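Q: One structure is given below, represented as structure tokens, and several questions about it will come after.
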């Protein structure tokens, strides 16, 4: 049984974490190699990752360093540090723009937390086989992001990351310092995101981020 695929899991809700563990272990096709309750702990946990492993993670996990280790910043960090690690995001997000940014960040699976039992196992099987899997609810929202309104909704991962940090109270200069980009680049990415979202000023951007789950 030790040759079963190893799956790392992460969620900031202990009840959800226990449920995910139970579903994976009940199926007997994989084993949970470790679990984390926030992004910082997950990055430390994955120092033990090896080829063939897979990650199932929540998108928004609050922790002591959530600005750097939560949401898109966490996914982008994982992609840089572990480019071969397949990632499945388990979430209740209902924002097409953010879901599109998650997919563009290299995620191989999206599963709604309200999905029927068995959906996560299906995602694990398909992603482990080198395929992608988006549950029906997530695929519907991704289709919305790619439809007639697609160009307006399709923020890049970097643009969504800038919007998230800006909505969290950081200035353009502070974001530039944190992300090691120039002020000019951050300003352009912020303005490009606002254009795609049809927003005209910072007040509208704050409101949009608050209403669509983009702010910490």
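Q: Confirm whether residue 147 is modelled with pLDDT under 80 and over 23 Å from residue 70 (Cβ atoms).
A: Yes, satisfied.
Q: Quick one: in the range 180-197, of everything that is touching a helix residue (DSSP H, G or I) at 6+ places or on another chain (Cβ under 9 Å) and not in a helix (DSSP H, G or I), which residue is nearest to residue 165 (Cα to Cα)?
A: Applying the first criterion (touching a helix residue (DSSP H, G or I) at 6+ places or on another chain (Cβ under 9 Å)) to the range 180-197 yields 181-187, 189-190, 192-197.
Narrowing further to those that are not in a helix (DSSP H, G or I): 181-182.
Working: 181: 14, 182: 15 Å.
Across the range 180-197, the extreme among qualifying residues is 181.
The values are calculated or read from the model by the stated rules, or taken from the named source; none is laboratory data. Since this is a predicted model, take the numbers as computed values, not measurements. A quick note on method: Cβ atoms are made from the backbone with ideal geometry, for glycine too, and the neighbour counts reach across all protein chains shown.
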